[in-house]
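The values are calculated or read from the model by the stated rules, or taken from the named source; none is laboratory data. Because the structure is a prediction, the values reported are computed rather than measured. Every residue, glycine among them, receives a Cβ derived from its backbone with ideal geometry; neighbour counts consider all protein chains shown. The accessibility values were calculated without ligands, DNA or RNA, using every heavy atom of the protein model including side chains. Shrake-Rupley method; radii C 1.70, N 1.55, O 1.52, S 1.80 Å.
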Amino acid sequence: MTHALSDGKATQQQTKAHNDRLVLSTIYEAEQISRAAVARRTALSRTSVSDAVAELLRRDLVEEIGRDRPSLGKPPILLRLKGDARHLIGVDLSGAFFRGAVVNLRGEVRHAVSLPRDGRSGAAALELVCALLDRLVSEAGAPLLGVGIGTPGLIDFERGSQVHWAVNLDWLDVPLRDLLQARYGLPVHVLNDSQAAAMGEYFFGASHPTGNLVVIKCEEGLGAGVVLDGRLFHGDNFGAGEIGHLVFSQAGLLCRCGNTGCLETVASASAIVRAVRAAAAADPRSKLHDTASRDLSLAMDQVCDAYAAGDMTVHGVVLEAGRCLGLAIATLVGTLNVRDIVIAGEVTRLGQPLLTIVRQEVLARSLAALANATRVEFSAIGSEITALGAAAVLLHAELGIWPFRRTPGHALSGKNVLGRTG
């Protein structure tokens, strides 16, 4: 049995490519598995599986690792993915530092680079991206599969993954994918940084068996990546998840988007640091008063330490940020009814007290029956979630690998789980 890519008649080449990807995903998920077990899990014929495995062995993507434990008859030969057969580059452009990592096919980081952005924008920011990639490409220890980029802003997939508008980087209609493909001669995939974070959590994080997930990333900016039925949801104008620019108070601070009082100006990591600086400078009782009043550098590390030490000035700022974030999540609960909502980014360093504030606000601001069934958690992946998610996009786009046990029904569907074409 073979599986067509669509409802139409598949060509022999399309069917073979689909079967190769399906077999590779099955081996990826199982970690080690026999050809017969692959055939049972995929419902492919043994001949189709054998042909696919032969091709994967030829491409050096899988390897035979010996025989299974003795049983009736001859023990079968086991297969596994060769994790370092290819390397991938994942990049995160969302914070005060541009971060990148060389990772293998298992998502294991082989080398990481972080470069301070120092307020660069426009052409200078693009030059810094190239400097980061130059270093990462030189550190790859295996053939490179490609480059995945998670960047702030609206990404127009109908125009070749062009960065339509990235407020924080001052990019307007930047053909980022085309520029980088021309420079490095590698496949390049570009998506919004919050969408990349959602891919990182969905691919490498905790299990999300419903196939639905929202990841809210709070760094220098704030946004959400939405996965529905195992596919990224982009929205009609590629702006799904842009909750950071929901206006919470028209009397609030000016946002870089031009509005005032956006959620991003209250609940992003950078906004919390700015608010703590202002509040601590005005309050001699704050542990950070001296630093803030002397206009010395203030970082999230110091904010977290003061918060943990019970600084009430910092507590007030975090309380307001948590309440606003909780209200935004309550809106998502009522709109999408997604069970798993995950918070990622620098704000997670504030720990359980912030999470408690957010959860309490969600319960107070949404229908109890829905709120009680919603799990709001911090991501356990850490600061590399966006870079890993960008790498996960490469795994799927270039090799067809996808953790389909987390997405019932999508293993055999042939659908593009990235939720887009091109």
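General remarks:
- Area projected by the alpha carbon convex hull of the stretch 309-352, averaged over all directions, nm²: 3.6
- Ranked order, Phe97, Phe203 - accessible area, probe 1.4 Å, largest first: Phe97, Phe203
- The P(r) of the stretch 131-262 has a tail past 26 Å containing 30 percent of all C-alpha pairs.
- For Leu144, distant residues with modelled amide H under 5 Å away: His87
- The angle separating the long axis of helix 269-281 from the principal Cα axis of greatest extent in the chain is about 20 degrees.
- Cα convex hull of the stretch 231-365, projected area averaged across orientations, nm²: 9.2
- Remark: the stretch 38-55, residue by residue, has Karplus-estimated 3J(HN,Hα) of 4, 4, 5, 6, 9, 6, 7, 5, 5, 5, 4, 5, 4, 5, 5, 4, 4, 5 Hz, where x stands for each Gly or Pro and the curve is 6.51 cos²θ - 1.76 cosθ + 1.60 at θ = phi - 60°.
- Over the stretch 209-291, the alpha carbon radius of gyration divided by the compact-protein estimate 2.2 N^0.38 Å works out to 1.40.
- Solvent-accessible area of Tyr184 with every protein chain in place, 1.4 Å probe, in Å² to the nearest 10: 50
- By average C-beta atoms within 10 angstrom, highest first, the peptides 186-199, 127-140, 226-239: 186-199, 226-239, 127-140
- Heavy atoms of Trp171 accessible to a 1.4 Å probe, total area in Å² rounded to 10: 10
- Radius ratio Rg over Rh of the stretch 20-118, counting only Cα atoms, Kirkwood formula for Rh: 1.17
- Derived scalar couplings ³J(HN,Hα) [the stretch 203-215; Karplus, 6.51 cos²θ - 1.76 cosθ + 1.60; whole Hz; x for Gly, Pro]: 7, 10, x, 5, 5, 10, x, 6, x, 10, 6, 10, 10
- Within the chain, antiparallel bridges make up roughly 65 percent of the DSSP beta bridges whose residues both belong there.
- Size descriptor, Kirkwood hydrodynamic radius, that averages inverse alpha-carbon separations across the chain, Å: 22.8
- Of every Cα-Cα pair in the stretch 195-254, the percent that sits beyond 15 Å: 53
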